[in-house]
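Below is one structure, written out as structure tokens, with a few remarks after it.
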Amino acid sequence: MESWDEDGVRAQIHAMAAHDPGRKRFGAHTHQYELAPRLPEAEIRAFEESHGVDLPMEYRSFVAEVGNGPAGPCHGLMPLTLPRQEAGEEWAVDGEWQEDRLPGRLAEPFPLTAPLPGRIGAPADVLTRGTLMLAERGCGIFIRLVLNGPRAGQVWQIDPDWGGFVPVSPGFRSWYTDWLEGP
């Protein structure tokens, strides 16, 4: 597993911020191109043990070697172990974050074996078991990391009203670096 270059990632984020002083890039007004400190190994391990999961290495190494959000795709990465500082403003993302931390939810099997395009008839919370919400695109659309099963490590987007629940990246590293290198 290739390590993350913390200094390189932070330099890229700093350059992105310098080229976007008005915070016009999608999500920049939310995450402000700020990256929180890394999480200590003991805190990551405690999260995994309390939820009965092994985080995919690309994501696990990011929070251990680079930072615990928020600078990232969409409206930014959600923190792993503690709610957002702004939590309580009644954003849907905060409710989704809390739901992921319900006992046993993350350890449940991911129910899909193939993408589910189009409008979703089933309740979204049934489909998202075994996944960790990474980010919010807005309008009830969330980016989720599959934690177990044959799709473990993949990044999927759930848009219950229009787009379904479909993969958007083969892994966290490519999803995040695509954002770093994007326009």
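The values are calculated or read from the model by the stated rules, or taken from the named source; none is laboratory data. Computed from a prediction, not measured in an experiment: that's the story for all the values here. Here Cβ is always computed from backbone atoms with ideal geometry, including for glycine, and neighbour counts include all displayed protein chains. Heads up: the accessible areas ignore ligands, DNA and RNA and are worked out on the full protein's heavy atoms, side chains in. Shrake-Rupley method; radii C 1.70, N 1.55, O 1.52, S 1.80 Å.
How many residues are surrounded by fewer than 15 Cβ atoms within 10 Å (Cβ to Cβ) and either in a helix (DSSP H, G or I) or of a type in the set (A, V, I, L, M, F, W, C) (or both) when one looks only at the stretch 49-64? If you could, list the steps in order and put the result at the bottom.
First, pick out the residues of the stretch 49-64 that are surrounded by fewer than 15 Cβ atoms within 10 Å (Cβ to Cβ): 49-50, 52, 54.
Filter once more, keeping what is either in a helix (DSSP H, G or I) or of a type in the set (A, V, I, L, M, F, W, C) (or both): 49-50.
Selection size over the stretch 49-64: 2.
Determine, yes or no, whether GLU108 is in a helix (DSSP H, G or I), surrounded by 14 or more Cβ atoms within 10 Å (Cβ to Cβ) and acidic (Asp, Glu).
On the way: in a helix (DSSP H, G or I): no; surrounded by 14 or more Cβ atoms within 10 Å (Cβ to Cβ): yes; acidic (Asp, Glu): yes.
In short, no.
List every residue pair whose Cβ atoms lie under 6 Å apart, where the two residues are 6 or more positions apart in sequence or sit on different chains, the first residue falls within the stretch 164-183 and is over 14 Å from VAL146 (Cβ atoms), and the second residue, located anywhere, is open to solvent by 50 Å² or more (accessible area, probe 1.4 Å) and among the aliphatic types (A, V, I, L, M).
Correct list of pairs: GLY164/LEU116.
In the stretch 1-45, how many are closer than 27 Å to GLY130 by Cα, loosely packed, with under 13 Cβ neighbours inside 10 Å and small (Gly, Ala, Ser)?
Looking only at that region, the number is 2.
Can you give me the number of residues within the stretch 132-152 that are buried (at least 19 other Cβ atoms within 10 Å of the Cβ) and small (Gly, Ala, Ser)?
1
In this structure, is ALA92 within 23 Å of SER174 (Cβ to Cβ) and surrounded by fewer than 20 Cβ atoms within 10 Å (Cβ to Cβ)? Can you show your working first?
Details: within 23 Å of SER174 (Cβ to Cβ): no; surrounded by fewer than 20 Cβ atoms within 10 Å (Cβ to Cβ): yes.
It is false that ALA92 is within 23 Å of SER174 (Cβ to Cβ) and surrounded by fewer than 20 Cβ atoms within 10 Å (Cβ to Cβ).
Could you grab me the full set of residues in the stretch 158-168 that are surrounded by fewer than 19 Cβ atoms within 10 Å (Cβ to Cβ) and either in contact with an Asp or Glu (Cβ under 6 Å, 6 or more places away or on another chain) or outside any loop (DSSP other than H, G, I, E, B) (or both)?
GLY164, VAL166, PRO167, VAL168, listed by residue number.
Name the one entry in GLY153, GLY149 that is at pLDDT 95 or above and part of a loop (DSSP other than H, G, I, E, B).
Numbers: GLY149 fails: at pLDDT 95 or above.
Every option except GLY153 fails the conditions.
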